[in-house]
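Comments concern the structure below.
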Amino acid sequence: MSLSCLSTILVVVIIVFNLQNTLGIDRDDLTLVFEDSFDSGPRLNGSIWNSDYPWGTFYNHRANMARRQVSISNNRVNLTAIALRSTTITNIDTADYGLVDLDYTSGAIYMNSRISLTRGLVVIRMQVPPAKSTWPMIMLVPTDETLPILSMDIFDDRKNIGYSFQYTSPSGSRASVSGTARSLGDNSNDMHSYSIDWGYDKVTFFYDNITLRSFVQSTELTQITEMRLVLALGVGGRSPSIPSLNATDYPQSLLIDSVEMWSPKYDGRYTMINLKSNLSAEVQSGQMQDRILVVQNNYTGAAWQQWDIKYIGNSQYKIINVNSRKVLDVHAWQTDDNAKVVQYTFNLKENQIWHIMQHDDQTVSFVNVWSQKVASILNGSSQAGVQMVQRTLDNGLDQKWKVTRLN
């Protein structure tokens, strides 16, 4: 990974958050695809984890990474920083913090290229060390070790929680959106969870399952392909306390309790067949304009009867007609029962965004984020040509859909 200086467009927000007033993670629309509680023995699973960084042994801080600084005890990974030089390299020119001396040694781990995530949620439960000069980091990096990068960190005193999404700007330079939240307590006193969720349109950062900030970055998120996880304990860098003045504070350890990775339950091309009528959702007569009704009809395989269900982020989806490339939309932001569902150009409004509720019979209901009502058929009809509407959830068969992947 290049450490050369790159121009940065930075959006920084400082947040002091109240845990009782912020929405949190909803995993109902996600599937757990990987979990490691580090309880399988005294060593990391070498088929999953590697030591150091994917690109080498140092990054934007004063510690050189060494395998011996990674251990497991009490079912927790210990990344331990010590006040000891382990390399002959004396100065490196970092991308963000200028020249630094590698006069400390610490630990980092990363997932190999067989374990990666293209969209979804990553949850890390860990306890950060108390020393202000340590810099615990969570990074999601592409397998080619360039941009984009999703990251969270704890820096300076143990109440600052940073988060950022770095990407390539249209001019080819490095750009980012980022912010800082300030927790009410010292995060070195106990275990806390730090989470990153991203989809096609939105990236969201969480602390203890509470939302810190969401960024809408639809264009930039297309740069993400497969991302793999890096966990590291830096020294200095963004935590600029001069380690040489408090070397007696070391050793310091970052304790990692667990790692979870969740992927969207739906991400592809599907048919949507109503359970009651056994008819397919389609755009009426295959028309292309905004505000055209969505109706049910006999399935013929036409493109206007096929739907791309895409993960927006934060357990929310958009449902795109394959023929028109327009999305399911509750007309005119209505909240009444029997308000019609139409197709409309996507603009990331809540009346175009849906949760997908799964039922025990393997059917689903589509819950509109704006109205909190579900996609139904007018009067529960089984006749072809009858329009889709929204209605309060009543577990009617016309509110359930059989969703089948096509590709």
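Here residue 321 does not qualify as surrounded by fewer than 16 Cβ atoms within 10 Å (Cβ to Cβ) and under 28 Å from the mean Cα position of the chain (by Cα).
The residues in region 165-198 that are under 23 Å from residue 258 (Cβ atoms) and either of a type in the set (Phe, Trp, Tyr) or surrounded by 22 or more Cβ atoms within 10 Å (Cβ to Cβ) (or both) can be counted, and the count is 7.
Against the condition within 29 Å of residue 168 (Cβ to Cβ), of a type in the set (Gly, Ala, Ser) and assigned to a loop (DSSP other than H, G, I, E, B), how does residue 188 come out, does it pass? Criteria not met by residue 188. Summed over region 142-158, the residues that are under 19 Å from residue 61 (Cβ atoms) and assigned to a strand (DSSP E or B) give a count of 7. Checked against the criteria, residue 277 does not count as of a type in the set (Gly, Ala, Ser) and assigned by TED's automatic domain parsing to the domain that holds residue 75.
In region 83-98, the residues that are within 12 Å of residue 238 (Cβ to Cβ) form Cβ pairs under 7 Å with partners that are among the polar types (S, T, N, Q) and assigned to a loop (DSSP other than H, G, I, E, B), at six or more places apart or across chains, as follows: 94/60; 95/4; 95/60; 96/60; 97/60. Scanning region 27-82 for residues that are among the small types (Gly, Ala, Ser) and in contact (Cβ under 8 Å) with a residue 60 or more places away in the chain gives 37, 47, 63, 81.
Screening residue 144 with (1) of a type outside the set (Lys, Arg); (2) modelled with pLDDT of 95 or more; (3) over 17 Å from residue 313 (Cα atoms); (4) surrounded by fewer than 23 Cβ atoms within 10 Å (Cβ to Cβ) gives one miss only, at (2). Among strands (runs of 3 or more DSSP E) entirely within region 57-137, having at least 3 residues that are under 24 Å from residue 159 (Cα atoms) and of a type in the set (A, V, I, L, M) singles out 76-81, 120-127. Per the conditions (1) over 23 Å from residue 391 (Cβ atoms); (2) touching a residue at least 60 places away in the same chain (Cβ under 8 Å); (3) touching a Phe, Trp or Tyr at 6+ places or on another chain (Cβ under 7 Å), the sole criterion not satisfied by residue 314 is (3).
Quick one: would you say residue 184 is over 18 Å from the mean Cα position of the chain (by Cα) and over 21 Å from residue 111 (Cβ atoms)? Yes; evaluated as a whole, the condition is true for this residue. Of the set (1) farther than 23 Å from residue 289 by Cα; (2) surrounded by fewer than 16 Cβ atoms within 10 Å (Cβ to Cβ); (3) acidic (Asp, Glu), all apply to residue 398 but (2).
Residues considered: 256, 273, 196. Of these, the only one that is of a type in the set (Val, Ile, Thr) and closer than 30 Å to residue 380 by Cβ is 273. Taking first residues from region 252-272 that are touching a residue at least 40 places away in the same chain (Cβ under 8 Å) and within 30 Å of residue 83 (Cβ to Cβ) and partners that are in a strand (DSSP E or B) and among the β-branched types (Val, Ile, Thr), the Cβ contacts under 6 Å between residues at least 6 apart in sequence or on separate chains come to 252/134; 253/80; 256/77; 259/124.
For residue 193, work out the one condition from (1) outside any strand (DSSP E or B); (2) closer than 19 Å to residue 234 by Cα; (3) small (Gly, Ala, Ser) it doesn't fulfil. Of the numbered conditions (1) outside any strand (DSSP E or B); (2) closer than 19 Å to residue 234 by Cα; (3) small (Gly, Ala, Ser), the odd one out for residue 193 is (1). Out of 228, 291, 238, one residue alone is assigned to a loop (DSSP other than H, G, I, E, B) and either among the hydrophobic types (A, V, I, L, M, F, W, C) or under 27 Å from residue 71 (Cα atoms) (or both). It is 238.
How many residues, within region 32-47, are modelled with pLDDT under 95 and either of a type in the set (A, V, I, L, M) or not in a loop (DSSP other than H, G, I, E, B) (or both)? Number satisfying all stated conditions: 1.
Can you pull out the residues in region 204-257 that are over 25 Å from residue 48 (Cβ atoms), of a type in the set (A, V, I, L, M), over 22 Å from the mean Cα position of the chain (by Cα) and buried (at least 20 other Cβ atoms within 10 Å of the Cβ)? Within region 204-257, 235 is the sole residue that qualifies.
The values are calculated or read from the model by the stated rules, or taken from the named source; none is laboratory data. Being a predicted model, the structure only gives us computed values, none of them experimental. Ideal geometry is used to build each Cβ from the backbone, glycine not excepted, and the neighbour counts take in all protein chains shown.
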